[in-house]
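Chemist: I'd like to ask you about the structure that follows.
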Amino acid sequence: MNKISRWFVLHPYWALTLVVLAALGPFLAKPFNLDDPLFIWVAQQIYLHPTNPYGFDVNWAQTVFPMWNCTENPPLACYYLALGAGVFGWSEIGLHFAFVLPALAVICGTHRLARHFCDRPMLAALATLFTPVFLVSSLTVMCDVLMLAFWVWAVVWWVEGMERDDFGRLAVSGLFIALAALTKYYGMCLVPLLGAYGLLIKGRPGRWMVYLLVPMVTLLAYQFATKLLYGHDLLFRAVEYTTFAEGLYGYSKIATVLAALAFTGGCAAVAVVFTLLLWRMPALAVLGGLTVLMAGVFLSNGAMWDESISSQWASPTSVKFQIVLWAAGGICVLVLAITDVLRRRDARSCLLALWVVGTFSFTAFFNWTVNGRSILPMVPAVGILLVRRLEQHFPAGHKVWSRGVVLCLAASAALALLVARADYLLAGAARENAREVCAKYRSSGKTLWFQGHWGFQYYMETLGASALDLANPALKAGDTLVVPLNNTILRSPKLKLETITPANIITAPKSRFLATMDQTTGAGFYFANLGLPFAFGHVPPESVVVYDHWLPPFPQ
């Protein structure tokens, strides 16, 4: 063992801190994008009015709504964001640096948890870090990684508390479950998960179950408080939104499950990269045959897929092949969890399997859309399962550990960093377009309007432009309207843009061969639209269309 390896073994948490900083540090200046503005605006409200986080209006979904009607998450992440801004400021670097701490907590927590499940916890922690979904999610200021930090440490304290009959640790775990649920409602899934683990360990109900009431009581108190403040139960409203969205998009369950498999394989790509080390030849042959069969059925049967979606892709065949590839990887992840239970038949293997399969089931059958953020919670469990499988196949000291594992981990890191870079460039392109548009077209005497949301909206409003209210448009003769093409909610039936010649099309470059959000390539990390978490292919530049000197009055 060389000096570096020895130091990693003797100082694992310092080593992981350095690796996390090295992975995230180059991207800390990433512009805000996608749903980041929602969390920033709530944090700014909290900074001024800490007892009323949603007490303001925002134009986010075609028209102006109260903020409580535009968010589907509880506000704890926004409180953390406000605290981080108080320390580091509101800049991109400051807020992203504040969110390095939750990312580090996830990786160190995975290492701590893996010590109970395998002999190489450092590998499990690194396998978690170097997944596309973890790196990309860690470079947002949204709630997902903070929730996962509470989640992982809740599992750590619960496992240790159950094994040692330490009710203090169980109480801390209950508190962490409550914090996870106040960060993102999905955190409440820890209650049945850890309850099942407790029953498997103890064999019967007991005093330990009392600590699972802590998050339930906390969430009920939150519901009561939001009812008093806003007149609505925000948790129930989030559930209603899921039902509404399912009816709105109306995707078939077959297509949704296929997309969930593709997201599982792509987001947790480390399990795919390690395939040759994880599975013996018979299993690989079965997987290869299943992939070929799935590709044949999928590519030849348009009824399995929404053709209105695939018609938007520049290269439908290429996208579908990538979907099949990553869907096969998603099957590998699920089989990894199930076979671990079949081989070991103990409470720990059941915990990991329920963790992975439960997260997949929520994404495929209950969440309002398939996206990377909903796959994220399973990644620590996948990292631990991967190491457990490797330890079954190779004895300690086997040369694979010095060659194959290092090579696969390096390949996983390269892929994850490439995806993170593509998302970084996407955010930068949206900001650059906003800056150029405002520099050219914002002037006194007329209003610069825009459609679209996400980071583009954040920077347009910061630079003085106004979001168009589609329910009550106020366009006047001489005004300028800007429409970003790679965005959402872009036009109203009243807005006949096709009858007007655009004055200009402004573009900004982004990654040319890899995308995280681009409908022409099938990439939809934050909103799947039944595509991929990221997609390889020709990626067009980020474009906005400018309609200058509006002549006719806007139709009322």
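The values are calculated or read from the model by the stated rules, or taken from the named source; none is laboratory data. Please read all numbers here as calculations on a predicted model, not as lab measurements. All Cβ positions, even for glycine, are placed from backbone atoms using ideal geometry, and neighbour counts span all protein chains on display. Heads up: the accessible areas ignore ligands, DNA and RNA and are worked out on the full protein's heavy atoms, side chains in. Shrake-Rupley method; radii C 1.70, N 1.55, O 1.52, S 1.80 Å.
Chemist: So, in nm, how far is label LYS227 from label ILE338 when the simple model puts each one 7 Å beyond its Cα toward the Cβ?
Modeler: The answer from the label model is 4.2 nm.
Chemist: Specify the angular offset, from 0 to 90 degrees and rounded to the nearest 10, of the alpha carbon long axis of helix 234-249 from the longest principal axis of the alpha carbons in the chain.
Modeler: Helix 234-249 and the main axis of the chain meet at about 70 degrees.
Chemist: So, one more: Label segment 114-192 by shape, choosing from rounded, prolate and oblate, from the square roots a ≥ b ≥ c of the eigenvalues of the Cα gyration tensor; if a/c is under 1.5 it is rounded, and otherwise prolate applies when a/b is larger than b/c, oblate when it is not.
Modeler: Oblate, since a/c reaches 1.5 and b/c is not below a/b.
Chemist: So if each residue of separation counts as 0.36 nm, and I subtract the Cα-Cα distance between THR17 and LEU101, what length gain in nm does that give?
Modeler: 29.3 nm
Chemist: Leaving out ligands, DNA and RNA, what percent of the accessible area of segment 338-494 is carbon and sulfur, probe 1.4 Å?
Modeler: 58
Chemist: I need the per residue convex hull volume for the chain, using only the alpha carbons, in cubic angstrom as a whole number.
Modeler: Cα convex hull per residue, to the nearest whole number: 158 Å³.
Chemist: Taking only protein heavy atoms into account and a 1.4 Å probe, give the accessible area per residue of the chain in Å².
Modeler: 41
Chemist: Let me ask something else. Against the longest alpha carbon principal axis of the chain, how many degrees, from 0 to 90 and to the nearest 10, is the axis of helix 36-48 turned?
Modeler: Once rounded, one gets 90 degrees.
Chemist: Next up: For Cα pairs less than 8 Å apart in space and 6+ apart in sequence, what is the mean separation divided by the residue count of segment 321-460, i.e. the relative contact order in percent?
Modeler: Value for segment 321-460: 15 percent.
Chemist: For segment 339-354, in order, what is each residue's ³J(HN,Hα) by Karplus, 6.51 cos²θ - 1.76 cosθ + 1.60 with θ = phi - 60°, in whole Hz (x at glycine and Pro)?
Modeler: The phi angles translate into 5, 5, 5, 5, 7, 9, 6, 10, 5, 5, 5, 5, 4, 5, 5, 5 Hz.
Chemist: According to a simple spin-label model (label point 7 Å from Cα along Cα-to-Cβ), what is the distance in nm between LEU293 and LEU407?
Modeler: With each label placed 7 Å out from Cα toward Cβ, I get 3.1 nm.
Chemist: Right, here's the next one. Under 16 Å from a label point 7 Å along Cα→Cβ of VAL210: give me every residue in segment 150-179 with its amide N that close.
Modeler: 162, 165-175
Chemist: If you don't mind, there's one more thing I want to ask. Estimate the FRET efficiency between ASP57 and MET281 by the formula 1/(1 + (r/R0)^6), using the beta-carbon distance for r and 60 Å for R0, to the nearest 0.05.
Modeler: Plugging the Cβ-Cβ distance into 1/(1 + (r/R0)^6) gives 0.45.
Chemist: With a point put 7 Å past each Cα toward its Cβ, work out how far PHE321 is from SER543 in nm, to one decimal.
Modeler: My value for the distance between the label points is 2.5 nm.
Chemist: Sum up the charges of everything whose Cβ sits under 11 Å from the Cβ of PRO533, counting Lys and Arg as +1 and Asp and Glu as -1, but leave PRO533 out.
Modeler: Overall, the nearby charge balance is 0.
Chemist: Taking 30 Å as the cut-off for C-alpha to C-alpha distance, list the pairs among LYS227/LYS446; LYS30/LYS440; LYS184/LYS476 that go past it.
Modeler: Going by Cα-Cα distance, LYS227/LYS446; LYS184/LYS476 fall outside the 30 Å limit.
Chemist: Okay, moving on. Using only the alpha-carbon atoms, how far is helix 100-114 inclined from the longest principal axis of the chain? Give it as 0 to 90 degrees, nearest 10.
Modeler: The answer is roughly 20 degrees.
Chemist: Let me ask you something else. Pairs of alpha-carbon atoms within less than 8 angstrom and 6+ residues apart define the contacts here; what relative contact order does the chain have, in percent?
Modeler: After rounding, I find 17 percent.
Chemist: Add -39500 (n - 2.57) for each DSSP H run of 4 or more in the chain, then divide by its residues: what number comes out at 222 nm, to the nearest 500 deg cm²/dmol?
Modeler: Roughly -19000 deg cm²/dmol at 222 nm, from the helical runs in the chain.
Chemist: Okay, next question. Based on the Cβ-Cβ distance of ALA477 and ILE93, what FRET efficiency does E = 1/(1 + (r/R0)^6) give at R0 = 60 Å, to the nearest 0.05?
Modeler: 0.90
Chemist: Now for a separate question. What residues qualify as long-range amide H neighbours of GLU542, i.e. H under 5 Å apart, gap of 5 or more or another chain, H built at 1.01 Å from N?
Modeler: HN-HN under 5 Å from GLU542: ALA508, LYS510.
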